[in-house]
Structures are given as C-alpha cells and as structure tokens.
1. On a 0 to 90° scale, report how tilted helix 231-247 is relative to the longest principal axis of the chain, with both axes built from alpha carbons and the result rounded to the nearest 10.
2. Quick one: compute the contact order of the stretch 216-323, relative version, from alpha carbon pairs under 8 angstrom and 6+ residues apart, as a percent.
3. How big is the gap, in Å, between the Cα center of the stretch 204-233 and the Cα center of the stretch 10-43?
4. Phe297's amide H: which non-local residues (gap 5+, or another chain) put their own amide H closer than 5 Å, with H modeled 1.01 Å from N in plane and none for Pro or chain starts?
5. Sort 234-246, 289-301 by the packing proxy (mean of other Cβ within 10 Å over each peptide's residues), most packed first.
6. Name the lysines eligible as straight-distance cross-link partners of Lys302: C-alpha to C-alpha under 16 Å, and not fewer than 8 places from it in the same chain.
7. Between the helical axis of 63-76 and the dominant principal axis of the chain, each derived from Cα atoms, what acute angle in degrees is found, rounded to the nearest 10?
8. Take each of the peptides 63-75, 123-135, average the number of other beta-carbon atoms within 10 Å over its residues, and list them starting from the highest.
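Where a number appears in this text, it was derived from the coordinates with a stated rule and is not lab data. Bear in mind that the values here come from a model prediction, so they are computed numbers and not experimental data. FYI the Cβ positions are ideal-geometry reconstructions off the backbone, even for glycines, and counts take in every protein chain you see.
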Amino acid sequence: FRKKLAKLKKTSAVTKDGTPITLLANIELPEHAAAANEVGASGVGLFRSEFLFMGRDGILPSEEEQFEAYRATVQAMKGRPVTIRTLDVGADKPLDEADVATLNPALGLRAIRYCLAEPQLFLTQLRAILRASAFGKVNILIPMLSHLFEIDQTLAMVAQAKQQLILQGIAFDADIKVGAMIEVPAAALSLPMFVKKMDFLSIGTNDLIQYTLAIDRADYAVAHLYDDVHPAILQLLAMTVAAADKAGIPVAICGGMAGDIKLTRLLLGMGFRELSMPPAQLLEIKQEVMNIDLLLFNPIIKKILRSYEPEVIAEGIRALQLL
Ligand code: PEP
Ligand code: MG
C-alpha cells in the first residue's frame, strides 16, 4: 500500500474533473524539509518557527541562527514556496515554564500579541525571514491576528525590518507576501478587514475550533466536545473561502482538518484548493484528491452548509464518500 502511494510522489494533485489542488507540508524544523520533499509536497505551507525557540531555557536564537535555519529550509525546497509562520508561542507552546503559570494561556499574550509586545524579538525574526527570501520563494504568515491595529502594526514592523536591511545593503525579496492565519473566530467574522490588507489567508483549524467551541485543545476532559464539523466551524470556513475568493487572494487550510482524509471531499467541495498537512498524510490525501469528481458534489455541499443539524451534516459527509 505504501509502495503504491510512493508512486504518486511525482503525480500532480488534480481531481477527476481537472481541478488542480495544491498539497503542502507542515514542518517544525529545517530537517523536516526532507520529509516534505520525500512525498513531493508543492512547498511548505506552514513552518512552525516557534520550534527554533522552544526548549532552550528562554535563550532566544539570534538573527544569524534563525536566518541559517530559514535559508536551509528554503534551499532544501528548491524553489518551491516556504511559508514561514512568525513566532507562535504561548498556550500549548510555552517558551519557558513561566508561561504555564498564566491563568488562561490560550487567551493570553501569545503569538502575534507576544511579538508585538516584544518588538526587538519580532524585528529580529522578520529580518531573518526576509534575508532567507533572497534564496527562494518565502511567504510570511502571522498567527492569531484579530484586531485591525494588530494587522497595521505587523505590516509596519515588516516595513521597518525591510528598511533596516536596505540600510545595511542586505538582499531580500521586496515583493514578499504577508498572510494572516484565520484562527480566532473574530478574524473569521471580520474578513473584510483582513482581505484588504493581507496577501493571503491560512486557516488554523486547531485553534479556530478551540476558540469557537471554547474547548482547550490540550485538555483531555473536553476532547469529546471537539467537533471539526460543528455547524459553527463549517460556517466560519465557508465565510473565509468566500471572502478570499471574492477578494481574489489565496486561502489555505493548515490546521489538522487539512490532513484528515475523511474531510478532503468536504473541504474541496466547499471550494478550498490549498491544503497544508504533516508530510506523512500527503500522499494519501493526494490519492483521495485524484478520486474526486467535484462536478457531482454541489447539491450535497449545499445541503451540508444549509444545515444546523449534526446528523444531516454527518449524513452529507458520508454521501460525499460514495460519489
Ligand atoms: C492551527 O491552529 O490550526 C495551526 C495550524 O497552528 P498550531 O496548530 O501550530 O496552533
Ligand atoms: Mg494555531
């Protein structure tokens, strides 16, 4: 079975009706780029940069160290795009043990909130990412945005980092794209604010589900309440793909839903064309993509999205598997 899948490495991910789908890899360290290449990923859709920062007793990686890590990744991907997410610490990814003591870490000073509160740390990372962009195709992805002023401050910091490099005569991709993770319900409910200023969107379903359903993603006691096809989640996903399409900007899913083969038909039917997932899932998803005829999906997708009854949604998802 594995061998059969391996043959798909070089095959492009196109549905039966001819719709091309971009399948990307989620990685946590430069070494993982090899695994992304191994399965023929079209690029890295999510480089979780916080793993360069974690487990170091709070000693931060220097600009140089980060640059080397990002550049190694970009070069390993041989011209295929690498989307580097800026530091997403806090909550389930504590930078140091002190973090864990916060009352509600998932609702605390995490991700972009932390970066905007630590501008020197953020600028250092942005410079390192920008410098790597001289060596291949790099996109910058910002986690946990929810306010307009956070978007504005972030873009101002990117501009400032660029300016610093220009003054030092250091090369970078002047046209580098900056995207927002949609992972806070407030973001999914204020998409016009995002599509106006950001170059692309990427949905973090892990956090979007956590915050929408108010269940700690790491708390086993509420794991039974985790429902990625809860009508509220499907509505937020549908709104996001619609807003991105209307604005003419790319939208990806990089949370766990993207790598769940039971949901591939649903997500493609809803209009998603870019999925980023752990490399281990990619070939299986590709095989599924190649078995899909999107032309048959519309009535069922409509029914699923109009319904607020879990049983109707589940039945719709089952029906999609049979087409
Ligand atoms: C997500 O929230 O879905 C996501 C992709 O980011 P992380 O899992 O790293 O929070
Ligand atoms: Mg997240």
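1. 70 degrees
2. Worked out over the stretch 216-323, it gives 26 percent.
3. 26 Å
4. none
5. Result, highest mean first: 234-246, 289-301.
6. none
7. 40 degrees
8. Ranked from most to least packed, the peptides come out as 123-135, 63-75.
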